[in-house]
Amino acid sequence: MSRTVWIILAILALAFAAVTGLAVRHGILGTQSQTAAIGGPFQLVDQTGRKVDADLLKRKWSAVFFGFTYCPEACPTTLLALGQAEKLLGPKADDFQTVFISVDPGRDTPQVMANYLSNSAFPRRSIGLTGTPQQVAGAAGAYHVFYQKAGDGPDYQINHSTITYLMSPTGSFVCVIPYGDTPKAMTEKIEAAMARGPHAQSC
(Lines give C-alpha, C1' and ligand atoms only; values in the text may rest on other atoms or scores of the structure.)
Protein backbone atom coordinates (compact mmCIF):
# COMPACT_ATOMS: atom_id res chain seq x y z
CA MET A 1 0.00 0.00 0.00
CA SER A 2 1.10 3.56 -0.65
CA ARG A 3 1.96 5.92 2.19
CA THR A 4 -1.17 7.97 1.40
CA VAL A 5 -3.45 4.93 1.82
CA TRP A 6 -1.86 4.08 5.16
CA ILE A 7 -2.41 7.63 6.38
CA ILE A 8 -6.07 7.53 5.34
CA LEU A 9 -6.60 4.18 7.12
CA ALA A 10 -4.93 5.51 10.27
CA ILE A 11 -7.16 8.59 10.28
CA LEU A 12 -10.28 6.44 9.81
CA ALA A 13 -9.22 4.13 12.65
CA LEU A 14 -8.68 7.08 14.99
CA ALA A 15 -12.04 8.57 14.02
CA PHE A 16 -13.79 5.25 14.65
CA ALA A 17 -12.15 4.93 18.06
CA ALA A 18 -13.18 8.47 18.98
CA VAL A 19 -16.80 7.93 17.91
CA THR A 20 -16.96 4.61 19.77
CA GLY A 21 -15.59 6.24 22.91
CA LEU A 22 -18.20 8.99 22.75
CA ALA A 23 -20.96 6.43 22.19
CA VAL A 24 -19.95 4.44 25.25
CA ARG A 25 -19.65 7.61 27.32
CA HIS A 26 -23.17 8.70 26.39
CA GLY A 27 -24.74 5.27 26.87
CA ILE A 28 -25.31 4.46 23.19
CA LEU A 29 -22.96 1.49 23.49
CA GLY A 30 -22.08 -0.58 26.49
CA THR A 31 -24.19 -3.07 28.43
CA GLN A 32 -23.94 -1.37 31.80
CA SER A 33 -25.00 2.04 30.47
CA GLN A 34 -27.98 0.59 28.64
CA THR A 35 -28.97 -1.50 31.64
CA ALA A 36 -28.92 1.50 33.96
CA ALA A 37 -31.14 3.44 31.55
CA ILE A 38 -34.12 1.07 31.84
CA GLY A 39 -36.43 1.50 34.81
CA GLY A 40 -36.66 4.20 37.40
CA PRO A 41 -38.92 5.94 39.92
CA PHE A 42 -42.68 5.98 39.45
CA GLN A 43 -45.79 6.80 41.46
CA LEU A 44 -48.91 4.77 40.58
CA VAL A 45 -51.83 2.96 42.22
CA ASP A 46 -52.45 -0.79 42.19
CA GLN A 47 -55.71 -2.61 41.51
CA THR A 48 -56.79 -2.17 45.12
CA GLY A 49 -56.34 1.61 44.95
CA ARG A 50 -53.17 1.55 47.07
CA LYS A 51 -50.45 4.04 46.17
CA VAL A 52 -47.21 2.31 45.16
CA ASP A 53 -43.79 3.25 43.83
CA ALA A 54 -40.75 1.50 42.35
CA ASP A 55 -40.07 -0.25 45.67
CA LEU A 56 -42.84 -2.61 44.56
CA LEU A 57 -40.24 -4.27 42.33
CA LYS A 58 -37.87 -5.06 45.17
CA ARG A 59 -37.59 -8.43 46.91
CA LYS A 60 -39.11 -10.31 43.94
CA TRP A 61 -38.25 -10.98 40.31
CA SER A 62 -40.71 -8.94 38.25
CA ALA A 63 -41.96 -9.23 34.69
CA VAL A 64 -42.97 -5.65 33.85
CA PHE A 65 -45.32 -5.24 30.90
CA PHE A 66 -47.11 -2.11 29.65
CA GLY A 67 -50.52 -2.47 28.01
CA PHE A 68 -54.23 -1.88 28.59
CA THR A 69 -57.31 -3.91 29.41
CA TYR A 70 -59.05 -3.21 26.08
CA CYS A 71 -55.99 -4.53 24.20
CA PRO A 72 -57.20 -7.03 21.58
CA GLU A 73 -54.14 -9.26 21.22
CA ALA A 74 -50.68 -8.42 22.55
CA CYS A 75 -51.70 -7.94 26.19
CA PRO A 76 -53.84 -11.05 26.70
CA THR A 77 -51.33 -13.11 24.70
CA THR A 78 -48.44 -11.95 26.89
CA LEU A 79 -50.35 -12.39 30.14
CA LEU A 80 -51.50 -15.87 29.14
CA ALA A 81 -47.90 -16.84 28.38
CA LEU A 82 -46.70 -15.36 31.69
CA GLY A 83 -49.46 -17.31 33.45
CA GLN A 84 -48.11 -20.54 31.99
CA ALA A 85 -44.52 -19.52 32.78
CA GLU A 86 -45.53 -18.90 36.39
CA LYS A 87 -46.80 -22.48 36.62
CA LEU A 88 -43.64 -23.85 34.99
CA LEU A 89 -41.52 -22.08 37.61
CA GLY A 90 -43.04 -24.31 40.28
CA PRO A 91 -41.91 -23.33 43.81
CA LYS A 92 -39.69 -20.59 42.33
CA ALA A 93 -42.88 -18.73 41.40
CA ASP A 94 -43.10 -17.56 45.03
CA ASP A 95 -40.22 -15.21 44.19
CA PHE A 96 -41.78 -13.97 40.94
CA GLN A 97 -44.51 -11.46 40.11
CA THR A 98 -46.05 -9.95 36.99
CA VAL A 99 -46.51 -6.17 36.98
CA PHE A 100 -48.99 -4.98 34.36
CA ILE A 101 -48.86 -1.20 33.89
CA SER A 102 -51.73 0.44 32.02
CA VAL A 103 -51.06 2.98 29.27
CA ASP A 104 -54.80 3.77 29.17
CA PRO A 105 -55.46 5.67 32.42
CA GLY A 106 -58.68 7.11 31.02
CA ARG A 107 -60.43 3.71 31.08
CA ASP A 108 -58.25 1.50 33.25
CA THR A 109 -59.36 2.36 36.77
CA PRO A 110 -58.13 0.20 39.66
CA GLN A 111 -61.43 -1.72 39.62
CA VAL A 112 -61.20 -2.35 35.88
CA MET A 113 -57.63 -3.59 36.35
CA ALA A 114 -58.71 -5.87 39.19
CA ASN A 115 -61.50 -7.38 37.09
CA TYR A 116 -59.21 -7.88 34.12
CA LEU A 117 -56.43 -9.57 36.08
CA SER A 118 -58.89 -11.90 37.82
CA ASN A 119 -58.77 -14.09 34.69
CA SER A 120 -57.69 -17.49 36.04
CA ALA A 121 -55.41 -18.03 33.04
CA PHE A 122 -53.35 -14.94 33.84
CA PRO A 123 -50.55 -15.03 36.44
CA ARG A 124 -51.88 -15.54 39.96
CA ARG A 125 -49.23 -13.18 41.29
CA SER A 126 -50.25 -10.22 39.12
CA ILE A 127 -50.17 -6.58 40.14
CA GLY A 128 -52.05 -4.08 37.97
CA LEU A 129 -50.91 -0.47 38.05
CA THR A 130 -52.57 2.69 36.75
CA GLY A 131 -52.64 6.37 37.61
CA THR A 132 -53.06 9.82 36.19
CA PRO A 133 -51.96 10.49 32.59
CA GLN A 134 -48.88 12.25 33.96
CA GLN A 135 -48.00 9.37 36.28
CA VAL A 136 -48.40 6.81 33.51
CA ALA A 137 -46.29 8.93 31.16
CA GLY A 138 -43.56 9.10 33.80
CA ALA A 139 -43.49 5.33 34.27
CA ALA A 140 -43.53 4.68 30.53
CA GLY A 141 -40.72 7.15 30.04
CA ALA A 142 -38.58 5.41 32.65
CA TYR A 143 -38.88 2.17 30.65
CA HIS A 144 -38.64 3.81 27.21
CA VAL A 145 -42.09 2.51 26.36
CA PHE A 146 -43.91 3.92 23.35
CA TYR A 147 -47.68 4.36 23.45
CA GLN A 148 -50.11 6.45 21.44
CA LYS A 149 -53.87 6.74 21.31
CA ALA A 150 -55.38 5.61 18.00
CA GLY A 151 -58.91 6.62 17.03
CA ASP A 152 -61.72 8.51 18.71
CA GLY A 153 -64.83 7.60 20.66
CA PRO A 154 -65.21 5.00 23.40
CA ASP A 155 -63.65 2.19 21.33
CA TYR A 156 -60.28 3.84 20.69
CA GLN A 157 -57.16 1.70 20.76
CA ILE A 158 -53.65 2.30 22.08
CA ASN A 159 -50.60 1.49 19.99
CA HIS A 160 -47.81 0.51 22.37
CA SER A 161 -44.55 -1.35 22.88
CA THR A 162 -45.05 -5.08 23.44
CA ILE A 163 -41.85 -6.26 25.11
CA THR A 164 -41.66 -7.42 28.73
CA TYR A 165 -38.87 -6.31 31.05
CA LEU A 166 -37.46 -8.74 33.59
CA MET A 167 -36.37 -6.82 36.68
CA SER A 168 -34.31 -8.24 39.54
CA PRO A 169 -35.21 -8.21 43.27
CA THR A 170 -33.00 -5.11 43.55
CA GLY A 171 -35.32 -3.29 41.12
CA SER A 172 -32.72 -3.33 38.34
CA PHE A 173 -33.21 -4.29 34.71
CA VAL A 174 -32.03 -7.78 33.79
CA CYS A 175 -33.20 -8.54 30.25
CA VAL A 176 -35.95 -8.18 27.68
CA ILE A 177 -38.51 -10.93 27.11
CA PRO A 178 -39.62 -10.41 23.50
CA TYR A 179 -43.27 -10.47 22.51
CA GLY A 180 -44.14 -13.89 21.19
CA ASP A 181 -41.78 -15.85 23.44
CA THR A 182 -43.28 -19.18 24.44
CA PRO A 183 -43.96 -19.89 28.13
CA LYS A 184 -41.03 -22.31 28.06
CA ALA A 185 -38.68 -19.66 26.65
CA MET A 186 -39.90 -17.15 29.23
CA THR A 187 -39.34 -19.64 32.03
CA GLU A 188 -35.82 -20.42 30.85
CA LYS A 189 -34.91 -16.72 30.86
CA ILE A 190 -36.38 -16.18 34.33
CA GLU A 191 -34.66 -19.26 35.77
CA ALA A 192 -31.34 -18.29 34.18
CA ALA A 193 -31.55 -14.88 35.83
CA MET A 194 -32.54 -16.40 39.18
CA ALA A 195 -29.53 -18.71 38.99
CA ARG A 196 -27.25 -15.68 38.61
CA GLY A 197 -28.63 -14.13 41.77
CA PRO A 198 -30.32 -10.82 42.64
CA HIS A 199 -27.62 -8.77 40.93
CA ALA A 200 -28.00 -10.55 37.58
CA GLN A 201 -27.56 -8.39 34.50
CA SER A 202 -28.59 -10.93 31.88
CA CYS A 203 -30.87 -13.92 31.37
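The values are calculated or read from the model by the stated rules, or taken from the named source; none is laboratory data. Remember, it's a predicted structure, so these values are computed and weren't measured experimentally. Cβ sites come from the backbone with ideal geometry, for glycine too, and all protein chains shown count toward neighbours. SASA here: full protein model, heavy atoms, side chains in, ligands and nucleic acids out. Shrake-Rupley method; radii C 1.70, N 1.55, O 1.52, S 1.80 Å.
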Self-check item: Eligible lysines near LYS149 by straight Cα distance, threshold 27 Å, same-chain separation 8 or greater
Solution: LYS51
Self-check item: For the range 159-175 and the range 95-137, distance of Cα centres in Å
Solution: 15
Quiz prompt | Candidate lysines for bridging to LYS189, where Cα separation is under 27 Å - those fewer than 8 sequence places away on the same chain excluded | solution = LYS58, LYS60, LYS87, LYS92
Quiz item: Under a 1.4 angstrom probe, counting protein chains only, how are ILE38, ILE177, ILE163 ranked by accessible area, largest first?
Solution: ILE163, ILE38, ILE177
Quiz item: Under a plain spin-label model, where a point goes 7 Å from the Cα along Cα-to-Cβ, how far apart in nm are LEU88 and ALA150?
Solution: 2.8
Quiz item: Heavy-atom accessible area of LYS60 with all protein chains present, probe 1.4 Å, nearest 10 Å²?
Solution: 70
Quiz item: By what distance, in whole Å, do the Cα atoms of the range 65-124 stretch along each of the three principal axes, largest value first?
Solution: 37, 21, 18
Quiz item: For ASP95, what accessible area in Å² do you get when you roll a 1.4 Å probe over the heavy atoms of the protein chains, rounding to the nearest 10?
Solution: 80
Practice problem: Rounded to whole Hz and in sequence order, give me ³J(HN,Hα) for the range 184-194 from the Karplus expression 6.51 cos²θ - 1.76 cosθ + 1.60, θ = phi - 60°, writing x for Gly and Pro. | Solution: 5, 5, 4, 4, 4, 5, 5, 5, 5, 5, 4
Quiz prompt | Heavy-atom accessible area order for LYS51, LYS184, largest first, 1.4 Å probe | solution = LYS51, LYS184
Practice problem: Could you tell me the accessible area of LEU80 in Å² (1.4 Å probe, neighbours in place), rounded to the nearest ten? | Solution: 80
Quiz item: Where in the range 161-194 is the amide nitrogen less than 15 Å from a point lying 7 Å along the Cα-to-Cβ axis of LYS58?
Solution: 168-173
Quiz prompt | Extension gain (nm, one decimal) between LYS184 and ASN159, 0.36 nm per residue minus Cα-Cα | solution = 6.3 nm
Practice problem: Working with all protein chains in place, sort LEU88, LEU166, LEU56 by solvent-accessible area computed with a 1.4 Å probe, largest first. | Solution: LEU88, LEU56, LEU166
